[in-house]
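Structure record follows, encoded as structure tokens.
Values in this text are rule-based calculations from the coordinates and carry no lab data. Given the structure is predicted, the values throughout are model-derived calculations rather than measurements. Cβ placement follows ideal geometry from the backbone for every residue including glycine, while neighbour counts extend to all protein chains displayed.
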Amino acid sequence: MKLCKDTKKDLIRIFETKGIGLEGNILKIIDTTEDPNFHNYIESCKNKDNENRKKRLEITKQIQAKNKELETINEEKEVIMEQLKESLSEVEKAKEIAINDLDVLQKKKQTELIGSIVKIALGVIISVGIVTTFMYVISLIINKDTQMIGSTWANTLGILLTNAFSIIGTIMGVKYSSNNNKE
């Protein structure tokens, strides 16, 4: 491909003043045999074009390497996220099991405590009843006037029975109330 002299001069002038030259495959088909200045211009453009291509190729390679690295990191991230989801699921299951075990243990301890309280309360009530009855029997044997002791004895047994039912009622009420709160 041959260019006119004015076009050649304009191309050389733009290259010298602004640093802009021809690029690409067009450089391969331009005829430069007649004009040595234009030949030098085309060679300079080819050199600059080769340098620019090398730079673009290097940048492309860097970008591709970064993309591969990012893809690898993304895959690793997805694997880690999946493992975290599985771990979270296992932790939640373990938490539910622990809560259920704790609830069962608390109910067991509560039942044992209630049983102990009832046994001790009934033991005290029965002991007081036996002692009071024993004292009433002794007073019957020793003294024939037991009207005052008899009413006191009846009062004491009544109070003891009332307290026994009150303790048992309170314990049952607390147990019933705690069962309704959890539902």
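Considering the options Thr111, Cys45, Val137, tell which one lies farthest towards the positive end of the dipole of the chain, charges being +1 on Lys and Arg and -1 on Asp and Glu at the Cβ, about the Cα centre.
Positive-most Cα among the choices belongs to Cys45.
Tell me, how many Å apart are the Cα centres for the stretch 1-48 and for the stretch 55-95?
Answer, in whole Å: 50.
Please give the net charge around Leu84, taking every other residue with its beta carbon less than 12 angstrom from that of Leu84, where Lys and Arg add +1 and Asp and Glu add -1. Show your work: numbers first, answer last.
Working: positive: Lys77, Lys85; negative: Glu78, Glu82, Glu86, Glu90.
Combined, the nearby Lys, Arg, Asp and Glu give -2.
In degrees, nearest 10, range 0 to 90: what is the angle between the Cα axis of helix 147-182 and the longest Cα principal axis of the chain?
The answer is roughly 20 degrees.
Using the basic label-point model (7 angstrom from Cα toward the beta carbon), what is the Ser166 to Ser89 distance in nanometres?
Label at Ser166, label at Ser89, 5.7 nm between them.
For a footprinting-style exposure proxy, rank Met1, Met172 by other Cβ within 10 Å, fewest first. Don't jump to the answer; show the numbers that get you there.
Numbers: Met1 7, Met172 12.
The order, fewest Cβ neighbours first, is Met1, Met172.
Sum -39500 (n - 2.57) across every DSSP H segment of at least 4 residues in the chain, then divide by the residue count to get the 222 nm mean residue ellipticity, nearest 500. Can you show the working numbers first?
Details: 4 runs with 161 residues, N = 183.
The per-residue figure over the chain is -32500 deg cm²/dmol.
Magnitude of the Cβ-charge dipole of the chain, K/R +1 and D/E -1, about the Cα centre, nearest 20 debye? Write down the numbers at each step before the final one.
Values: 27 positive and 26 negative charges, 44 e Å.
The calculation lands at about 220 debye.
Read through the labelled values [x] 0.98; [y] 1.31; [z] 1.90 and report the label of the one computed as Rg/Rh (Cα atoms, Kirkwood Rh) from the structure.
Identified label for the calculated read-out: [z].
Cross-link partners among lysines for Lys119, C-alpha distance below 29 Å, same-chain residues fewer than 8 apart left out?
Straight-distance partners of Lys119: Lys107, Lys108, Lys109, Lys175, Lys182.
Let me check against my output: what whole-number percent is the relative contact order of the chain, with C-alpha pairs under 8 Å and at least 6 apart? Can you show the working numbers first?
Values: 52 pairs, mean separation 23.9, N = 183.
Once normalised by length, the contact order is 13 percent.
Label-point separation (nm) for Asn37 and Ile80, each offset 7 Å from Cα along Cα-to-Cβ?
Those two pseudo-labels are separated by 6.4 nm.
Can you find, among Thr7, Asn67, Asn163, the residue sitting farthest towards the positive end of the charge dipole of the stretch 5-182, where Lys and Arg contribute +1 and Asp and Glu -1 at Cβ?
The Cα lying farthest towards the positive end belongs to Asn163.
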